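Report on the structure given below.
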Amino acid sequence: VSAYQGEIDWQQVADSGVEFAMIRLGYRGYSQGVIMPDKNFEQNLRGALDAGLGVGVYFFSQAITVEEAAEEAEFVLEYLDGYDLTYPVVFDWEVIGTESARTYGLDTETLCACANTFCSMVEEAGYEAMIYLTSYAGYIKYDLSQVMEYDFWLAQYSDTPDFYYDFQMWQYSSTGSVDGISGDVDLNLQLIQKE
């Protein structure tokens, strides 16, 4: 979830059978490259935790250098100071298919270095790191052999995923419906049992 979902009744979400939430902490704009917090992050984080849900966070990255990826990780860790998460902190770098996007044409080596920088900083701070990707990003943009030490969160909207490589979380719909949330919401399955 993110600010796009507006006000969320987290107790209703928990009562509906949802077990965990992945909450957007912030993002880097894909044209100007400015880092911004998600305006509903803190209320969503507190609401989900108070409702007893497992919680992870993601940062929508548009990093084009290792230095920017490190800046994003520092931003995330500053916001997380004091919060105990049970789910990962996710590097969510997405392909923006327009030439006006600052990440347009970013090479594989740089992308992998950005993901590794972000994830290693997150893990050094004591959190679990994860990389969000689509099949296209996994097959074409990343060289997965360079980022295999981290778990993957696959976004593929289908009845059955057909991504060749192992992944630990699956986003299977972007048009889900959940009590307590008005409008569409992404739905995910965690594929590794949490203790």
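Sorting TYR27, TYR164 by accessible area (1.4 Å probe), largest first, what list results?
Numbers: TYR27 65, TYR164 175 Å².
Reading off the accessible areas and sorting them downward yields TYR164, TYR27.
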Compactness of the chain, expressed as Rg and Dmax over alpha-carbon positions, Å
15.9, 44
Set the Förster radius R0 to 35 Å, insert the Cβ-Cβ distance between SER177 and VAL66 as r into 1/(1 + (r/R0)^6), and round the FRET efficiency to 0.05.
0.30
Sort ASP159, ASP9 by heavy-atom solvent-accessible area, probe 1.4 angstrom, most to least.
ASP159, ASP9
How would SER61, SER100 line up by accessible area, probe 1.4 Å, largest first?
SER100, SER61
Give me the accessible area of VAL147, 1.4 Å probe, in Å² rounded to the nearest 10.
0 Å²
Which Cα, out of VAL147, ASN116, TRP10, lies furthest along the positive dipole direction of the chain (beta carbon charges, K/R +1, D/E -1)?
TRP10
What angle, in degrees between 0 and 90 and rounded to the nearest 10, separates the Cα long axis of helix 41-50 from the longest principal axis of the Cα atoms of the chain?
50 degrees
Size of electric dipole in the chain: Cβ of Lys, Arg +1 and of Asp, Glu -1, about Cα centre, debye, nearest 20
380 debye
Using only Cα atoms, find the angle between the long axis of helix 108-124 and the longest principal axis of the chain, and express it within 0 to 90 degrees, rounded to the nearest 10.
50 degrees
With label points built 7 Å along Cα→Cβ from the Cα atoms of TYR139 and GLN43, find their separation and express it in nm.
4.1 nm
Given the DSSP H assignment, sum -39500 (n - 2.57) over each helix run of at least 4 residues in the chain and divide by its residue total; what's the result at 222 nm in deg cm²/dmol, nearest 500?
-7500 deg cm²/dmol
Return one whole number: the accessible area per residue of the chain in Å², for a 1.4 Å probe.
49 Å²
Taking the alpha-carbon centroid of each part, what is the distance from the stretch 95-136 to the stretch 56-76 in angstrom?
8 Å
On Cα atoms only, tilt of 66-80 relative to the major axis of the chain in degrees
20 degrees
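The values are calculated or read from the model by the stated rules, or taken from the named source; none is laboratory data. These numbers were taken from a predicted model, which means no experiment stands behind them. Cβ: placed from backbone, ideal geometry, glycine included. Neighbour counts: every protein chain shown. The accessibility values were calculated without ligands, DNA or RNA, using every heavy atom of the protein model including side chains. Shrake-Rupley method; radii C 1.70, N 1.55, O 1.52, S 1.80 Å.
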